[in-house]
Amino acid sequence: MNIILLGPPGAGKGTQARFLCEERDMIQLSTGDMLRDAKESGTEMGNRVAEVMARGELVTDDIVIGLIREKLEGDKKGGFIFDGFPRTLAQADALADLLAEEGETLDAVIEMRVDDEALVARITARSTCATCGEVHNDNTKPIPEDGKCAHCGGTEFKRRADDNEDSLKQRLMEYYKKTSPLIGYYYAKDQLSVVNGLGEIKDVKAEIDKVLG
Ligand code: AP5
Ligand code: MG
């Protein structure tokens, strides 16, 4: 089963993708994570896109399509979760072609619907475990009092360069201009399901499970 999690910055795509990996043996393909990894490992491409990402703008289609193409050729396990990809109509068309080349189908597109006010509060309170990538939140899912990651016990946490109010405004602008048209695109293809991303994490998970069956 291959699915897309579609939603604005902070909608909870990464949080929900982790459940699907653990419970359904799926593979999370987050282009944001891939681009940040490329920066950390000091690749030329990683350094080139770091400033674009920090400003909250989109990286070019060619780069992200190339990243996804590489992953689709590997082990498919329980299927792919596309998290933060596609983000433009060109990326959506490219994904359809790549899946067809691999003999795969797109089984669901889940729009995680939230409102903009909730996003600022979520994003500015987010931190991520440097060891396992578990997402925490100062308000809704704080790092345990002993300072250890709730998932792996790691003690180092990171905050993202684009998790500030100015970059978030730009990220939202990019979402509404370039990514939100995908909602209509997948609706017209009869592939769209909508979940309420404003509920508690466990309730959002339950809604996604219901869609996926
Ligand atoms: P990316 O890394 O994809 O960031 P994003 O889309 O802005 O989304 P986030 O990762 O910020 O949010 P999320 O939905 O994963 O939420 P999370 O689960 O963490 O992209 C970053 C950048 O990379 C882009 O701006 C662009 O430059 C570039 N890029 C990436 N892909 C690209 C592409 N395809 N094309 C071009 N450029 C690309 O949750 C957020 C917080 O909320 C957490 O603290 C969490 O604990 C909390 N939370 C989650 N769910 C709930 C809930 N239900 N209730 C309360 N709190 C919750
Ligand atoms: Mg994410």
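Here, each number is a calculation from the coordinates, and none is a lab measurement. Worth saying up front: this structure is predicted, and the values here are computed from it rather than measured. Glycine gets a Cβ as well: all are built from the backbone with ideal geometry, and neighbour counts include every protein chain shown.
For each cysteine in the chain, check whether another cysteine's C-beta sits under 4.7 Å from its C-beta; list those where none does.
So far as the 4.7 Å Cβ criterion goes, CYS21 stand without a partner in the chain.
Which far-off residues, 5 or more places away or on another chain, put their amide H under 5 Å from the one on ASN137, with H placed in the peptide plane?
Residues meeting the amide H criterion: SER127, ILE143.
Once you have the Cα-Cα distance between HIS151 and ALA96, take 0.36 nm times their residue separation minus that, and quote the gain in nm to one decimal.
Between HIS151 and ALA96, full extension yields 16.4 nm more.
Can you bin the stretch 91-176 into rounded, prolate or oblate? Criterion: square roots of the alpha carbon gyration tensor eigenvalues sorted a ≥ b ≥ c, rounded for a/c under 1.5, prolate for a/b above b/c, oblate for the rest.
Numbers: a/c = 2.53, a/b = 1.51, b/c = 1.68.
In terms of gyration-tensor shape, oblate.
Could you give the length gained by full extension between ARG48 and ASP138, i.e. 0.36 nm per residue of separation minus their alpha carbon distance, to one decimal place? Mind showing how you got there, number by number?
Details: separation 90, 0.36 × 90 = 32.40 nm, distance 3.10 nm.
Answer, rounded to one decimal: 29.3 nm.
Which number gives the lysine pairs in the stretch 1-157 that have C-alpha atoms under 22 Å apart and are eight or more places apart or on different chains?
Values: LYS13/LYS39; LYS13/LYS71; LYS13/LYS76; LYS13/LYS77; LYS13/LYS141; LYS39/LYS71.
So the count of such lysine pairs works out to 6.
Provide the per-residue ³J(HN,Hα) series for the stretch 70-83, in order, calculated from phi with Karplus coefficients 6.51, -1.76, 1.60 and θ = phi - 60°, each as a whole number of Hz, with x at glycine and proline positions.
Calculated HN-Hα couplings, in order: 4, 5, 5, 7, x, 4, 9, 6, x, x, 9, 10, 8, 10 Hz.
Quick one: which residues, 5 or more positions from LEU6 or on another chain, have an amide H under 5 Å from its amide H? H modelled 1.01 Å from N in the peptide plane, none for Pro or chain starts.
Long-range HN contacts for LEU6: ILE110, GLU111, MET112.
What are the ³J(HN,Hα) values, in whole Hz, obtained from phi via the Karplus relation 6.51 cos²θ - 1.76 cosθ + 1.60 with θ = phi - 60°, for each residue of the stretch 168-180 in sequence order, with x given for Gly and Pro?
Result, rounded to whole Hz: 5, 4, 5, 4, 5, 4, 4, 4, 5, 6, 10, 9, 4.
Using the 10 angstrom Cβ neighbour count as an exposure proxy, how do CYS129, CYS21, CYS152 rank, fewest first?
Values: CYS129 21, CYS21 15, CYS152 12.
Placing the least packed residue first, the sequence is CYS152, CYS21, CYS129.
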